[in-house]
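Heads up, the thing below is written out as structure tokens.
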Amino acid sequence: MRHLLRALLVAAPLAGACNTPSVPLPPPELSALSFAAAPAANMVELRGKPSARHLSVRFSAFNDRRKVGVLVDTAADGSFNTEPFSGSSGDLVELSYESAGKRSEVSRCELTLDVALNNIICH
């Protein structure tokens, strides 16, 4: 019994070591992002200017109101344009990216056309 108790005391701290939570990547760089109207009605595109934070990542935009989204792989300089997706001003869009199996924090932004995203329209 004494050996069992000792083994449990030694093993208990080690059990948590295997489940270390991963730290998410920082959120998208908002100042490099903007929404633009697509040629078709009620469709938008997300555009990303070159950004060191977005270098060669997979970017995600999900319109929570309309339950649609897009994925796009960014260029080597971090720039990208998504395919058009359903959206209009005022919709809430969740933005994030993935790199090397890690996901960034999510930014939730009110869809506003033709302005750089910022902390006022995104949380």
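Laboratory data are not the source of any read-out in this text; all were calculated from the coordinates shown. From a predicted model like this one, the values you see are computed outputs, not experimental measurements. Please note: Cβ atoms are built from the backbone with ideal geometry, for glycine as well, and neighbour counts cover all protein chains shown.
In order along segment 81-93, the phi-based Karplus estimate (6.51 cos²θ - 1.76 cosθ + 1.60, θ = phi - 60°) of 3J(HN,Hα) comes to 9, 7, 5, x, 9, 5, x, 8, 3, x, 5, 9, 10 Hz; Gly and Pro are listed as x. Using 0.36 nm per residue and subtracting the Cα-Cα separation, the extra length available between ALA75 and ASP114 on full extension is 11.9 nm. As a calculated quantity, the FRET efficiency between SER56 and GLU83 at R0 = 22 Å, using C-beta atoms, amounts to about 0.70.
So if we plug the beta-carbon distance of GLU94 and ALA36 into 1/(1 + (r/R0)^6) with R0 = 25 Å, what FRET efficiency do we get, rounded to 0.05? That gives a FRET efficiency of 0.85. Among LYS67, LYS102, LYS49, the ranking by other beta carbons within 10 Å of each residue's beta carbon, starting with the fewest, stands as LYS67, LYS102, LYS49. Full extension of the segment from ARG65 to LYS102, taken as 0.36 nm per residue of separation minus the current Cα-Cα distance, would add 10.8 nm. The 3J(HN,Hα) values that the Karplus relation (6.51, -1.76, 1.60; θ = phi - 60°) gives for segment 95-106 are, in residue order, 10, 7, 9, 10, 8, 6, x, 10, 10, 6, 5, 8 Hz. Gly and Pro appear as x. Count Lys and Arg as plus one, Asp and Glu as minus one, and take only other residues whose Cβ is under 15 Å from that of VAL106; the net charge is then -1.
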